[in-house]
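The values are calculated or read from the model by the stated rules, or taken from the named source; none is laboratory data. Since we're looking at a predicted model, the values are computed, not measured. Here Cβ is always computed from backbone atoms with ideal geometry, including for glycine, and neighbour counts include all displayed protein chains.
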Amino acid sequence: MTENASSPFQRTVVLGSTSRYRRELLSRLNLPFEMAAPDVDESPHAGESPRDLALRLALAKAHAVAQRFPQAVVIGSDQVADLGGQPLGKPGEHSRAVQQLRQMRGQVVVFQTALAVVCLATGFEQVDIASVKVLFRDLSDSEIENYLQAEKPYDCAGSAKSEGLGIALLESIENDDPTALVGLPLIRTARMLRAAGVKLL
């Protein structure tokens, strides 16, 4: 546990993820934290909506890591791209990424980024979701291929890496938290960490 000058006790914060994108985002809060792999099966359940899938996985990841760090405040997060009710996850490889982007061109896709904060020691648990509505341009096959060769975003939900060249794929973004599309909604994260007793400022 870490000591804090204005508080006698500050719980360790653990990010239940190995994502470099979430690590970079959480680092913006200037808060010491650890990272741990959640080891959760991310397969959707039959009939499960993308929103419900993201919420379930975020909470499952937080609880999986909290079992190993019961005194810590644990953050779990998951992002699912929602194309007309169809969940699009991480493509994993090139041909799948091409298929995803062809499906999304000219379409509105809602990126559902769910967040859970859990502390077993105090019984704290909160879950929230940030929905980001994205309108994709009517992309040509050559634009899709050029983008994928440049970014190789095979570990990004829906193959869309908006913090890089992926921004050129888009017509518009509608959301209330500019970090949600990257993978961790920091406004909600900060709010929930404060509610869990973590001092940020």
Checklist outcome for this item: Scanning segment 43-77 for residues that are in contact with a helix residue (DSSP H, G or I) (Cβ under 6 Å, 6 or more places away or on another chain) and either modelled with pLDDT under 95 or over 20 Å from Met192 (Cβ atoms) (or both) gives Pro44
Checklist entry - Are there any pairs, at least 6 apart or on different chains, whose C-beta atoms fall under 7 Å, with the first in segment 3-30 and β-branched (Val, Ile, Thr) and the second at pLDDT below 90 and in a loop (DSSP other than H, G, I, E, B), and if so, which? => result Thr12/Met1
Checklist entry - So, of the residues in segment 67-103 that are of a type in the set (S, T, N, Q) and either out of contact with any Cys (no Cβ under 9 Å at 6 or more places or on another chain) or over 13 Å from Cys156 (Cβ atoms) (or both), which turns out to be surrounded by the most Cβ atoms within 10 Å (Cβ to Cβ)? => result Ser77
Item to check | Failed item in (1) aliphatic (A, V, I, L, M); (2) touching a strand residue (DSSP E or B) at 6+ places or on another chain (Cβ under 9 Å); (3) within 22 Å of Asp128 (Cβ to Cβ), with Leu83 passing the rest | outcome: (3)
Item to check | Which listed residue, of Ala121, Ala160, Ala114, Ala190, is modelled with pLDDT of 95 or more and crowded, with 19+ Cβ neighbours inside 10 Å | outcome: Ala114
Checklist entry - Which pairs do you get when a residue that is in contact (Cβ under 8 Å) with a residue 60 or more places away in the chain, found in segment 162-184, comes within reach of a residue that is exposed (fewer than 14 other Cβ atoms within 10 Å of the Cβ) and among the aromatic types (Phe, Trp, Tyr), reach meaning Cβ atoms under 9 angstrom, with the pair 6+ apart or on two chains? => result none
Checklist entry - Of all the residues that make up segment 103-160, how many are under 19 Å from the mean Cα position of the chain (by Cα) and not in a strand (DSSP E or B)? => result 10
Checklist entry - When the residues of segment 23-42 are filtered to those that are surrounded by 11 or more Cβ atoms within 10 Å (Cβ to Cβ) and within 18 Å of Pro91 (Cα to Cα), which remaining residue is modelled with the lowest pLDDT? => result Glu42
Item to check | Flag if Val182 is of a type in the set (Val, Ile, Thr), closer than 18 Å to Ser27 by Cβ, modelled with pLDDT under 95 and in contact with a helix residue (DSSP H, G or I) (Cβ under 9 Å, 6 or more places away or on another chain) | outcome: yes
Checklist entry - Between residues in segment 124-147 that are in contact (Cβ under 8 Å) with a residue 24 or more places away in the chain and buried (at least 16 other Cβ atoms within 10 Å of the Cβ) and residues that are aromatic (Phe, Trp, Tyr) and assigned to a strand (DSSP E or B), which pairs lie under 7 Å by C-beta distance while being six or more apart or on different chains? => result Val132/Phe111; Val134/Phe111
Checklist entry - Hey, Leu57 hits all of (1) closer than 17 Å to Leu186 by Cα; (2) touching a residue at least 40 places away in the same chain (Cβ under 8 Å) but one; which does it fall short on? => result (1)
